[in-house]
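Asks: Please find one structure pasted underneath; my questions will follow.
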Amino acid sequence: MATPAGTPQPEPLRSAVDASEGWLLLEFGATWCGHCQAAKPAVQAFVQGHALDHLWVEDGKGRPLGRSFAVKLWPTLILLRDGQELARVVRPLREQDLALLQNAMTV
């Protein structure tokens, strides 16, 4: 399920995300979003440093997956394990901003 950030692809169904196995980092954003571009280096470093799948999801008005996760700001990162949300970070800028995700992986 790993997809490089910004790669166009069909939006997965919520049921597919809920049925996922193992670690999954969902990243909701938009290609034109300045906050998303600023967060990209920190997010990429985090993903490369951990054994987890990363799925970048183009979000926006009328996008069902983002609405089902109540995403309001971009980027929003949601860490799941076996389809269950464990942690969420909104608008990270540095790797330190992702400490909540790191902590959730060690519990």
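The values are calculated or read from the model by the stated rules, or taken from the named source; none is laboratory data. Since the model is a prediction, treat every value here as computed from it, not as a measurement. Cβ: placed from backbone, ideal geometry, glycine included. Neighbour counts: every protein chain shown.
Asks: Looking at the range 97-105, is at least one residue among the charged types (D, E, K, R), closer than 21 Å to residue 12 by Cα, over 12 Å from the mean Cα position of the chain (by Cα) and surrounded by fewer than 19 Cβ atoms within 10 Å (Cβ to Cβ)?
Replies: Quick first cut of the range 97-105, residues among the charged types (D, E, K, R) only: 97.
With the extra rule that they be closer than 21 Å to residue 12 by Cα, the set shrinks to none.
No, the conditions are met nowhere in the range 97-105.
Asks: Could you check the range 39-66 and list, in sequence order, the residues that are closer than 19 Å to residue 104 by Cβ and in a loop (DSSP other than H, G, I, E, B)?
Replies: Scanning the range 39-66 gives 49, 50, 51, 52.
Asks: How many residues, within the range 34-59, are under 16 Å from residue 10 (Cα atoms) and either loosely packed, with under 15 Cβ neighbours inside 10 Å or among the β-branched types (Val, Ile, Thr) (or both)?
Replies: Quick first cut of the range 34-59, residues under 16 Å from residue 10 (Cα atoms) only: 54-59.
If we keep only those that are either loosely packed, with under 15 Cβ neighbours inside 10 Å or among the β-branched types (Val, Ile, Thr) (or both) too, we end up with 57.
Summing the residues that are under 16 Å from residue 10 (Cα atoms) and either loosely packed, with under 15 Cβ neighbours inside 10 Å or among the β-branched types (Val, Ile, Thr) (or both) in the range 34-59 gives 1.
Asks: Would you be able to say whether some residue in the range 67-75 is modelled with pLDDT of 95 or more, in contact with a Leu (Cβ under 8 Å, 6 or more places away or on another chain) and outside any helix (DSSP H, G or I)?
Replies: Looking for residues that are modelled with pLDDT of 95 or more, in contact with a Leu (Cβ under 8 Å, 6 or more places away or on another chain) and outside any helix (DSSP H, G or I), one finds at least one in the range 67-75, hence yes.
Asks: Here is a follow-up. Quick one: how many residues across the range 25-38 are under 27 Å from residue 82 (Cβ atoms) and in a helix (DSSP H, G or I)?
Replies: Summing the residues that are under 27 Å from residue 82 (Cβ atoms) and in a helix (DSSP H, G or I) in the range 25-38 gives 1.
Asks: Any residue in the range 13-24 that is more than 19 Å from residue 58 (Cβ to Cβ) and in a helix (DSSP H, G or I) sitting within a Cβ distance under 9 Å of a residue that is among the aliphatic types (A, V, I, L, M) and modelled with pLDDT of 95 or more? List the pairs, counting only those 6 or more apart or interchain.
Replies: 18/80
Asks: Next question. Search the range 57-86 for residues that are without any contact (Cβ under 8 Å) to a residue 60 or more places away in the chain and β-branched (Val, Ile, Thr) and pair each with any residue that is buried (at least 20 other Cβ atoms within 10 Å of the Cβ) and part of a loop (DSSP other than H, G, I, E, B) when their beta-carbon atoms are under 7 Å apart and the residues are at least 6 apart or on different chains.
Replies: These pairs meet every condition: 71/59.
Asks: Oh, and also: Do we find a residue being at positive phi and over 11 Å from the mean Cα position of the chain (by Cα) anywhere in the range 40-59?
Replies: No - not one qualifying residue is present in the range 40-59.
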